[in-house]
């Protein structure tokens, strides 16, 4: 049999040889019901679209989804029920979404006018959102908020305990924040122990934070020792830290 021709002059493929049309969206589904009928078995399938993959930056890190951050912050800041954290968990579960650590960090930033709410969300996320895990940067975000609001240093130490419990190593910014929150003595010693445990190398800014922490605690001799160590390593203080050191030395009769 001679194949039929289309208007283009090309032979048309028989119906059974034509490629099936493919859908632009991938669906997953589950069988909701299966019932027999005279014309054959009848199956009802409930389908939902596969969530789009999280966009990545050129280095391969997930990019924060701004619409999701705004939606989550809105649910928490303008609650529709007495349990906004549960509402957020329901919102994410219904849409088969989860948060990344960078998105959680941005949500904490959006909630910063209400530090108690920000801290509640920070702790709620790993406890209640499947697959969620904080990283050093999201820990730094909540520590920075505690620092700005002059929270009790014991709260920061609890955050650090949670970091260690979850096996999250901090970075040098974590150490700088902790030194800035504490005074001198035990707090500085603890921060230096953490830096050593995490395999971090102190930089000039860290030394400045340590020096200022000692001076705030009126440990002028220890502060001056840090200054001398800085000089040996080639680091310099800024004018504010120099003035702070000179004032402390003068009040202690060391100049």
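The values are calculated or read from the model by the stated rules, or taken from the named source; none is laboratory data. Predicted, not measured: the structure shown is a model, and the values here were computed from it. Neighbour counts run over all protein chains shown; Cβ positions are idealised from the backbone, glycine included.
For the range 89-121, give me the residue count where each residue is under 28 Å from residue 150 (Cα atoms) and not in a loop (DSSP other than H, G, I, E, B).
Looking only at that region, the number is 17.
If you check every pair at least six apart or on different chains, which have Cβ atoms under 8 Å apart with a residue in the range 70-82 that is touching a residue at least 24 places away in the same chain (Cβ under 8 Å) first and a residue that is not in a helix (DSSP H, G or I) second?
What qualifies is 72/99; 73/111; 76/111; 77/111; 77/114.
So which residues in the range 83-96 are touching a residue at least 40 places away in the same chain (Cβ under 8 Å) and buried (at least 16 other Cβ atoms within 10 Å of the Cβ)?
The answer is 85, 89.
Take the residues in the range 230-250 that are farther than 19 Å from residue 176 by Cα and either touching a residue at least 12 places away in the same chain (Cβ under 8 Å) or within 32 Å of the chain's Cα centre (by Cα) (or both); name whichever of them is surrounded by the fewest Cβ atoms within 10 Å (Cβ to Cβ).
So the residue we want is 249.
Among the helices (runs of 4 or more DSSP H) lying completely within the range 122-229, list those that include at least 2 residues that are surrounded by fewer than 17 Cβ atoms within 10 Å (Cβ to Cβ) and not assigned by TED's automatic domain parsing to the domain that holds residue 243. Give the steps one after another, and end with the answer.
Details: elements: 136-148, 153-165, 172-181, 186-197, 204-216.
Helices (runs of 4 or more DSSP H) meeting the threshold: 136-148, 153-165.
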